[in-house]
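**Student:** Supplied in structure tokens, the structure appears directly below.
The values are calculated or read from the model by the stated rules, or taken from the named source; none is laboratory data. Predicted model, so just to flag it, every value in this text is computed and none were measured. So basically every Cβ, Gly included, is an ideal-geometry build from the backbone, and we count neighbours across all protein chains shown.
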Amino acid sequence: MNLVLWIIQIMLAVAFAGAGVSKLTQPKEKLRDRMAWVDPVPPTQVKALGAVEVLAAIGLVLPPLTGIATVLTPLAAVGLVIVMIGGILVHRRDFKKRDTEAARRLEIQGGILCAVLLLLAAVVAWGRFGPYSF
């Protein structure tokens, strides 16, 4: 199970590092093409979310690799669970605003992706706080 948790941690770290870096480095106008939810959100909040995602990605892998402050790993996973709850709620809200079937489908896909990432992060939090802690 330890190996499974490591694989999940690395997958989550790669996914959130990539998403976070794009939010930190790309202008809101460019992000809008892939993430319609950024439209009503102030750019500083988008950047803050990107920073949280990058920090969580680092927190998933760096502490156990260094053996320093390993409690940060399950805390990072809990943080990602909270972020993904927000993501699900945003996609649910935006689904109601969409007027085409294609746009609604994109919101459903986004919500499902958030739910999958939430479940993976919850497994890491459970495992690293519980029976497979460092």
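**Student:** Within the bounds of the range 25-39, is there any residue that is of a type outside the set (A, V, I, L, M), assigned to a loop (DSSP other than H, G, I, E, B) and closer than 30 Å to L3 by Cα?
**Tutor:** No, the range 25-39 contains no residue that is of a type outside the set (A, V, I, L, M), assigned to a loop (DSSP other than H, G, I, E, B) and closer than 30 Å to L3 by Cα.
**Student:** Let me ask another. Which ones in the range 23-69 are among the polar types (S, T, N, Q) and buried (at least 16 other Cβ atoms within 10 Å of the Cβ)?
**Tutor:** Hit for the range 23-69 is Q26, nothing else.
**Student:** Something else now. Can you find even one residue in the range 78-98 that is of a type in the set (K, R), assigned to a helix (DSSP H, G or I) and modelled with pLDDT of 95 or more?
**Tutor:** No - not one qualifying residue is present in the range 78-98.
**Student:** Among the residues of the range 82-103, are any under 26 Å from M1 (Cβ atoms), in contact (Cβ under 8 Å) with a residue 12 or more places away in the chain and loosely packed, with under 14 Cβ neighbours inside 10 Å? Don't jump to the end; show me each part of the working.
**Tutor:** Keep residues of the range 82-103 that are under 26 Å from M1 (Cβ atoms), which gives 82-85.
In the following step, the residues that additionally are in contact (Cβ under 8 Å) with a residue 12 or more places away in the chain were identified as 83-85.
Applying the additional criterion that residues be loosely packed, with under 14 Cβ neighbours inside 10 Å yields 85.
Yes; the residues of the range 82-103 include at least one that is under 26 Å from M1 (Cβ atoms), in contact (Cβ under 8 Å) with a residue 12 or more places away in the chain and loosely packed, with under 14 Cβ neighbours inside 10 Å.
**Student:** Further question: Output the residues belonging to the range 112-131 that are under 11 Å from Q9 (Cβ atoms) and either touching a Lys or Arg at 6+ places or on another chain (Cβ under 7 Å) or not hydrophobic (A, V, I, L, M, F, W, C) (or both). Spell out how you get there, then give the answer.
**Tutor:** Initial filter on the range 112-131 (under 11 Å from Q9 (Cβ atoms)): 120-121, 123-125, 127-128.
Matches in the range 112-131: G127, R128.
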